Amino acid sequence: MHLNHWTLEAFMFDFMGLFFIVFSFFKMLDLKGFPSAFRMYDPVAKRVPLYGWIYPFIETALGLMFLIRFEVKIALIVTIIILGITTFGVTKTLLDKKSIKCACLGTVLNLPMTEATFIENFIMITMAVYMLSRFMY
């Protein structure tokens with residue numbers, strides 16, 4: 001898409017957008033099972049069950065916002081907040097050495113929670129913080 005006009009910012013927006021679209025797609029393959037799996041480690045989903053139901057749609061909206069460059073500053077802030085909260089839960093689960101199913105790619109794929117989930121979230125948060133800092137100058 002950006003062969004002739006490649007920039008780091010364009011790459012990051014496209015990467016974050018595609019990341020959210022792909023991950024939300026897998027979550028939507030089992031909309032009934034995702035909320036209960038997500039509730040196992042996400043602090044908000046534990047307290048507000050509705051959040052687990054709408055989370056895949058939030059990811060889809062964020063993905064589209066990044067890909068079409070619509071209100072990206074808001075998308076970056078929301079990304080930092082929701083992935084920050086989820087990463088807190090993932091970190092707690094990993095430190096407690098709990099063996100649970102990871103809902104990051106939905107529940108159709110039976111994947112265990114590993115450090116890879118933390119790394120994925122950390123990379124996304126880092127990119128969002130970097131991109132948000134670019135808006136401040």
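From the list GLY84, GLY89, the lone residue that is within 19 Å of ILE119 (Cβ to Cβ), of a type outside the set (A, V, I, L, M, F, W, C) and either assigned to a loop (DSSP other than H, G, I, E, B) or out of contact with any Phe, Trp or Tyr (no Cβ under 8 Å at 6 or more places or on another chain) (or both) is GLY84.
Screening region 1-56 for residues that are within 15 Å of the chain's Cα centre (by Cα), charged (D, E, K, R) and outside any loop (DSSP other than H, G, I, E, B) and picking the one that is modelled with the highest pLDDT gives ASP14.
Just a yes or no: is a residue in region 57-64 more than 18 Å from MET127 (Cβ to Cβ), in a loop (DSSP other than H, G, I, E, B), without any contact (Cβ under 8 Å) to a residue 40 or more places away in the chain and under 16 Å from the mean Cα position of the chain (by Cα)?
Within region 57-64, not a single residue is more than 18 Å from MET127 (Cβ to Cβ), in a loop (DSSP other than H, G, I, E, B), without any contact (Cβ under 8 Å) to a residue 40 or more places away in the chain and under 16 Å from the mean Cα position of the chain (by Cα).
Figure legend. Inter-residue proximity from region 70-92: first residues more than 16 Å from GLU9 (Cβ to Cβ), second residues of a type in the set (Val, Ile, Thr) and surrounded by 20 or more Cβ atoms within 10 Å (Cβ to Cβ), beta-carbon distance below 9 Å, spacing 6+ or different chains. Indicated pairs: THR86/THR117; THR87/THR117; VAL90/THR117. Can we say THR91 is at pLDDT 95 or above and hydroxyl-bearing (Ser, Thr, Tyr)? For THR91, the condition - at pLDDT 95 or above and hydroxyl-bearing (Ser, Thr, Tyr) - is not met.
Per-residue answers, yes or no, for (1) farther than 16 Å from PHE34 by Cβ; (2) among the acidic types (Asp, Glu); (3) out of contact with any strand residue (DSSP E or B) (no Cβ under 9 Å at 6 or more places or on another chain):
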{"position": "LEU67", "(1), (2), (3)": "yes, no, yes"}
{"position": "ALA75", "(1), (2), (3)": "yes, no, yes"}
{"position": "ILE81", "(1), (2), (3)": "yes, no, yes"}
{"position": "LYS97", "(1), (2), (3)": "yes, no, yes"}
{"position": "VAL108", "(1), (2), (3)": "no, no, yes"}
{"position": "ALA116", "(1), (2), (3)": "yes, no, no"}
{"position": "GLU120", "(1), (2), (3)": "yes, yes, no"}
{"position": "THR126", "(1), (2), (3)": "yes, no, yes"}
{"position": "MET136", "(1), (2), (3)": "yes, no, yes"}
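Among residues of region 98-137 being outside any helix (DSSP H, G or I), of a type in the set (A, V, I, L, M, F, W, C) and under 15 Å from the mean Cα position of the chain (by Cα), the one that is surrounded by the fewest Cβ atoms within 10 Å (Cβ to Cβ) is LEU105.
Restricting region 26-69 to residues that are touching a Gly at 6+ places or on another chain (Cβ under 7 Å) and charged (D, E, K, R), the residue that is farthest from ALA10 (Cα to Cα) is ARG39.
Please determine, by comparing only the residues of region 34-80 that are aliphatic (A, V, I, L, M) and under 21 Å from THR114 (Cα atoms), which one is surrounded by the most Cβ atoms within 10 Å (Cβ to Cβ). Here the residue is ALA45. With respect to THR86, is the statement that it is of a type outside the set (Lys, Arg), surrounded by 19 or more Cβ atoms within 10 Å (Cβ to Cβ), under 15 Å from PRO35 (Cα atoms) and over 13 Å from the mean Cα position of the chain (by Cα) true? Against the criterion (of a type outside the set (Lys, Arg), surrounded by 19 or more Cβ atoms within 10 Å (Cβ to Cβ), under 15 Å from PRO35 (Cα atoms) and over 13 Å from the mean Cα position of the chain (by Cα)), THR86 does not qualify.
The values are calculated or read from the model by the stated rules, or taken from the named source; none is laboratory data. Please read these numbers as outputs of a predicted model, since none were measured by experiment. Heads up, the Cβs are rebuilt from the backbone with ideal geometry, glycines too, and the neighbour counts pull from every protein chain shown.
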